[in-house]
Amino acid sequence: MWTSKKVILLVAMIVGQVVITATGQEVTPQQAKEKEDRQKAKEEEDRRKELAHLRMQLLAYWELDGNADDSTDHKRHLEVHPSNDQHWGPGLRGSQALELFRDKGTSYAVRQGSHDDGEFDFHGAPFTIQAWAKFKNLDHEQVIVEKVDKKGGWTLTKLPDQRIRFHAGPIYLSSDVAALDTTKWHQFIVRRWSAGASHMVEVFLDKKQIASQPLDAAASIGATERPLLVGKRDAQVDKDLNRFIDDLAIWSRGLSEAERLRLWGNGQGIDILP
């Protein structure tokens, strides 16, 4: 006697030139192949549409795969200091990453020409920042990325006690002690979003929310004339990042939950641009 379990396990059974599917439908092998191809094509089209939407309002995307160029049409390139060819190491997905050597003297990346991009000031608007980092050690404060001075701006940093902090004027988020591992890549995301009367800033580490702060609609980040800095706080060498940064991206909108989770890419990130 055939049980429902046996029918389910028998996903497809070929009898002559007929395929009997798990639902009992009879189709030819050619029809089964065409259906499979249509399903794969639909999944690929859905993926293409999701990625196209993910690229909307993308202000800059630094893949950091052997160079510090911005891969978007905005061309907001970075420049690496000191200017030599020793700044690239193993990165995500088999590519390269920006390698910064705090233990061998200061090294960092800055917006090309120390240009001040007003778009990165954010003010009271939604935004999303993503950065991946892999640390050589955890024993001091390490700036991941920032655009800040005494007048305004924002900073994303790892504190000496392994808390993650995002500070931007009226916004102050500091996580509990984070489970950081020097053998692994870690994804950092900061997101400000608005939905109706709700306004929120959140910090995520490796998919999980680690800090959040509700905001008034009028809460605004003060403008700064400083350029974007990666792995460094101005002249303060003791806050340089040590060792790798990869897949740095900034949007002028708060990404959806589906988009945020897609960026995780099973712990290896994704190629945001083709």
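Computed values, structure above
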| item | result |
| --- | --- |
| From 184, 207, residue being on the phi > 0 side of the Ramachandran plot and of a type outside the set (S, T, N, Q) | 207 |
| Which listed residue, of 220, 212, is farther than 25 Å from residue 78 by Cα, surrounded by 18 or more Cβ atoms within 10 Å (Cβ to Cβ) and either at pLDDT 95 or above or hydroxyl-bearing (Ser, Thr, Tyr) (or both) | 220 |
| Count of residues meeting criterion [closer than 25 Å to residue 204 by Cα and either without any contact (Cβ under 8 Å) to a residue 40 or more places away in the chain or hydroxyl-bearing (Ser, Thr, Tyr) (or both)] in the range 97-130 | 2 |
| Tally of residues being over 21 Å from the mean Cα position of the chain (by Cα) and either part of a helix (DSSP H, G or I) or among the hydrophobic types (A, V, I, L, M, F, W, C) (or both) across the range 76-101 | 1 |
| Which numbered condition residue 249 misses (of (1) among the small types (Gly, Ala, Ser); (2) on the phi > 0 side of the Ramachandran plot; (3) touching a strand residue (DSSP E or B) at 6+ places or on another chain (Cβ under 6 Å)) | (2) |
| Residue in the range 250-263 that is surrounded by fewer than 20 Cβ atoms within 10 Å (Cβ to Cβ) and closer than 22 Å to residue 117 by Cβ present | yes |
| Residue 84, sole failed condition from (1) polar (S, T, N, Q); (2) modelled with pLDDT under 95; (3) in contact with a Lys or Arg (Cβ under 7 Å, 6 or more places away or on another chain) | (3) |
| Those strands (runs of 3 or more DSSP E) lying entirely in the range 182-244 with at least 3 residues in contact (Cβ under 8 Å) with a residue 60 or more places away in the chain | 186-195 |
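Rundown of residues vs (1) outside any loop (DSSP other than H, G, I, E, B); (2) crowded, with 21+ Cβ neighbours inside 10 Å, yes/no style:
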residue	(1), (2)
116	no, no
119	yes, no
123	no, no
128	yes, yes
139	no, no
151	no, no
155	yes, no
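The values are calculated or read from the model by the stated rules, or taken from the named source; none is laboratory data. Keep in mind that what you see is a predicted model, and the values were worked out from it rather than measured. Note that we place each Cβ from the backbone using ideal geometry, even for glycine, and neighbour counts take in every protein chain shown.
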